[in-house]
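Novice: Supplied in structure tokens, the structure appears directly below.
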Amino acid sequence: MKTLWLAGGAAALAIVAVSGAFGQAVTSPPVQPPVQDVTVAADAVPALARAYVADRKAPGIVIAYAKGDRPPNFAAAGKIADEESAAKADADSLWRVYSMTKPITGIAAMLLVEDGKLKLDQPVSDFIPGFKSMKVLTDPANSLATRPAARPVTVRHLLTHTAGLGYTIVTKGPLLKEYERLGVVPAALNPGVETELRKLRPTSLAAFADRVATLPLIADPGTKWSYSISLDVLARVVEVAGGMPFEQFVQTRLFGPLKMTSTYWSVPESEIGRFATNYLWAGENRIPLDPGKASVFAAPPSFPYGGAGLVMSARDYDRFLHMLVNQGMVDGLRVMKPATVRLAMSNLLPKGVEFQRAPSGSGGDVAPRMGYGAGGSVYLEGVPGGPGKGTYGWGGAAGTIAWVDPATKVRTTVMVNYFPSDKWPLRADSVKAVYADLAR
């Protein structure tokens, strides 16, 4: 089975997975023609939320946005699923944030840099010995033939997707088959696909990282930006350097202090009623791929996926962004030093490496000139009337979006759940609406 579970090109596979897991696919009513340009008027963000539901682009949407140290504004519309009985979407609805987990893992690593327990250019083999003698593919399109890597994989490389690791959503050729054969797919789609993946996937973060270390790299470390499982491997580094399980570390250093009480690796039964359904767009039909009430996220994962594993509310993700935009402090509590926040949201790419744009369906951003920081992209120049220089953030494969703009002190979280993430121009629409409203 080819497990391109996040990419926009995975529609056919996902439909098969849905059929196997849930029986006959249920289609939604025809979609209205997409609105090509959201009119910016008074209260542009609430209007945008209403329009996305009215035009049937999503059953529900929540947008949290604010400027400076102010509490967030919440614009919500619709419901968390198509069923009439579904709860209304609101600030505390739960959503799969997928790759918006990556900045959280990156910031967790930066806390250990602040503690002196990690260094950006420290070899990963200090924490995962298997990474000591990595190999690089010499003919990636046709074979698994290798040569020794020119240099060690470092913490910086993992933070910035320059370690030379692959990803089942972008890697091709023989290496993709090896990733699939070894179960190196650290993410969840729906119960049907999960049953198959668990037959091969490692059952702990330590075993996962050790298995990744046996695989060849696609390029020498520090020479190429390539979207990858590097933040999942970094979670194991955090676990070793932090001296506790990864999920305990992020709970102790981030989720607990920030009062992020609606953030889960698996959704408790008591909270399932506010968990959104994830949909797949197949042409003009919206198919329920992972219903909230029967979600794969209701069961514990094989291990915490540092690159794609969290379910969160808009209120909680805003707490995380609020801390970053406020230089490490929320509600008078210091979580990180200002210097650490600035470093995390700066361009950390190795010298000579450029980040141009994210792969389709990844949830990544596109801007005139971009670099990459601790698990998220960084604007190297501002956009007039939009995000300023230094804007940091990332998105998720199911359509979620988040960014922090230190130049204007703007922060935004957008929650929806559907594949592919770029089915609609939600990022462009939300940026335009947020900056129009906050300018007033």
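No value in this document is a laboratory result; all are computed from the given coordinates. Owing to the predicted nature of the structure, the values given are computational and were not obtained by experimental measurement. A quick note on method: Cβ atoms are made from the backbone with ideal geometry, for glycine too, and the neighbour counts reach across all protein chains shown.
Novice: Summing -39500 (n - 2.57) over the DSSP H runs of n ≥ 4 in the chain and dividing by its residue number, what mean residue ellipticity at 222 nm do you reach, to the nearest 500 deg cm²/dmol?
Specialist: Working: 12 runs with 117 residues, N = 440.
So the calculated ellipticity at 222 nm is -7500 deg cm²/dmol.
Novice: Hey, rough spin-label estimate for LYS259 and THR195, points 7 angstrom out along Cα→Cβ, what's it come to in nanometres?
Specialist: For LYS259 paired with THR195, the spin-label model returns 4.3 nm.
Novice: What list do you get for HIS322, HIS157 if you sort them by fewest beta carbons within 10 Å?
Specialist: Lowest to highest Cβ neighbour count: HIS322, HIS157.
Novice: Could you line up MET329, MET336 from fewest to most neighbouring Cβ atoms inside 10 Å?
Specialist: Neighbour counts put them in this order, fewest first: MET329, MET336.
Novice: Could you give the size of the charge dipole of the range 117-243 about its Cα centre, using +1 on the Cβ of each K and R and -1 on the Cβ of each D and E, expressed in debye and rounded to the nearest 20?
Specialist: Around 160 debye, computed over the range 117-243.
Novice: Of the listed values (1) 0.94; (2) 1.01; (3) 1.12, grab the one calculated as Rg/Rh (Cα atoms, Kirkwood Rh) from the structure here.
Specialist: Only one option fits the structure, namely (1).
Novice: What number do you get for the range 353-440 when its Cα radius of gyration is normalised by 2.2 N^0.38 Å, N = residues?
Specialist: Dividing the Cα Rg of the range 353-440 by 2.2 N^0.38 Å gives 1.01.
Novice: Measure up LYS351/LYS423; LYS132/LYS177; LYS135/LYS337; LYS132/LYS389; LYS102/LYS135; LYS119/LYS351 against 28 Å on the Cα-Cα distance and list the ones that go over.
Specialist: Exceeds cut-off: LYS351/LYS423; LYS135/LYS337; LYS132/LYS389.
Novice: Where nothing but the Cβ of Lys and Arg (+1) and of Asp and Glu (-1) is charged, how large is the charge dipole of the chain around its Cα centre, in debye to the nearest 20?
Specialist: 800
Novice: Among the aspartates and glutamates, which have Cα under 18 Å from the Cα of LYS79 when same-chain residues fewer than 8 positions away are ignored?
Specialist: Filter leaves ASP55, ASP90, ASP92, GLU271, ASP290.
Novice: List the relative contact order of the chain as a percent without decimals, with contacts defined as Cα pairs under 8 Å and 6+ residues apart.
Specialist: Rounded, it is 23 percent for the chain.
Novice: Turning to a different aspect of this structure: Send over the per residue convex hull volume for the range 117-243, Cα only, as a whole number of Å³.
Specialist: Enclosed volume per residue, from the Cα hull, is 97 Å³.
Novice: For LEU158, LEU111, LEU254, LEU120, what's the fewest-to-most ordering of other Cβ within 10 Å of each Cβ?
Specialist: The order, fewest Cβ neighbours first, is LEU120, LEU254, LEU111, LEU158.
Novice: Going 7 Å from the Cα of SER133 along its beta-carbon direction, which residues of the range 148-177 have the amide nitrogen within less than 18 Å of the resulting point?
Specialist: Once the point is set 7 Å along Cα→Cβ of SER133, 148-153 turn out to lie under 18 Å by backbone N, inside the range 148-177.
Novice: Moving on to the next point. Among VAL185, GLN251, GLY382, which residue has its Cα positioned farthest towards the positive end of the charge dipole of the chain, with +1 placed on the Cβ of Lys and Arg, -1 on the Cβ of Asp and Glu, and the dipole taken about the Cα centre?
Specialist: GLY382
Novice: For THR154, what residues show an amide H to amide H distance below 5 Å, using hydrogens built from the backbone and excluding near sequence neighbours?
Specialist: Here VAL124 satisfy the definition.
Novice: In addition: Give me the aspartates and glutamates in straight-line cross-link reach of LYS172: C-alpha distance below 18 Å, same-chain residues under 8 apart excluded.
Specialist: ASP139, GLU180, ASP220
Novice: Shifting gears a bit: Would you please state which residues of the range 184-225 a label at SER143 would reach in this model, taking the label point 7 Å out along Cα→Cβ and a backbone N cut-off of under 20 Å?
Specialist: 215-220
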